[in-house]
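Working notes, structure below.
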Amino acid sequence: MYKKKFSYTLLISIFLGLIIAQNSFCQNNGLQVKVFTPQHGDARSLYSMLKGLLSPQGKISLDSRTNSVVVIDTPQTIKDLSSVTQQLSSYDNPVSEKQVEIKVLIAEVTDAFMNELGISGGSIVIPAGKYQAVLRALNTSRNARISSQTMIRTTSNQPASLQVSADALMGSTIVRYPDGREVTTIDREQIGDFLEVLPVVNNNSSITVSVHPSKSSLQNNGTSKTSSLSTQVVINDGDTIAIGGVDTIREETRDEKVFGIPVSKQSSRKQNKTMMFLTATIVQ
């Protein structure tokens, strides 16, 4: 215990010594030194923000051991940075620490259903009061089929991912060694729906949502096909983002029978669209 306390005291002494030395240097060059220690969270976020506000003469360093940021800059810039950090510290519950709950619904729909919603591709925002009508349409329309529903929760400005997939066999690989041995490995691939999302809670309680959905499907020839898109939308708390345009091709083969006896095989291709509905809510 004594050793730990001594080490921490020595660390603080060295840190203060460096600041004194920097102060001496700054006085000779018309600059000032200022130590910023955030009241909430990690100093790395403060470092990233202040770094972009420096003057051409400014320098900045991060001391993770003391959770502090040291800035050397002109007196006016130091004053401006101090004002910014004071405004940030005035929030008892920083926006960056808020939790966001995202409900995800994935559905396969036809072009006719997308036209009913007014989506030709990309995304639209559905206000909270109108989403229930869309849900009823998804559950009753012949042009739509809900494939999965789930929920994820993350912190503001922290990415989250979702995967609704199955392990598919994609063939095998044979490795032959000089001694004559052969080793066969099975090639597998995840086939299904994938989602990467980054929600950021803004000061006015709106949410900036960056979304990257993708879908992979297995073809009859044993290969896979992947479609994806990316979008960024600003929504109000409780609104829903409807994202459409990811193609889904389903290949089906069925036997044609006469008196119960298979006589031929018929193949068909159905091309639909995969839509994702993301409802983002700030957890109070």
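Extension gain, Ser228 to Ser206, is 5.3 nm, computed as 0.36 nm per intervening residue step minus the present C-alpha separation. Largest accessible area first, the listed residues Glu101, Glu182, Glu189 line up as Glu182, Glu189, Glu101 when surface is computed with a 1.4 Å probe on the assembled protein chains. For the pair Thr154 and Ser48 in one chain, pulling the backbone fully straight at 0.36 nm per residue adds 36.0 nm over the alpha carbon distance.
What pairs from Lys103/Lys130; Lys103/Lys215; Lys130/Lys225; Lys59/Lys79 go past 23 Å between their alpha carbons?
Those over the limit are Lys130/Lys225.
The values are calculated or read from the model by the stated rules, or taken from the named source; none is laboratory data. Since the model is a prediction, treat every value here as computed from it, not as a measurement. Remember, those area values only see protein heavy atoms, side chains included, never the ligands or the DNA or RNA. Shrake-Rupley method; radii C 1.70, N 1.55, O 1.52, S 1.80 Å.
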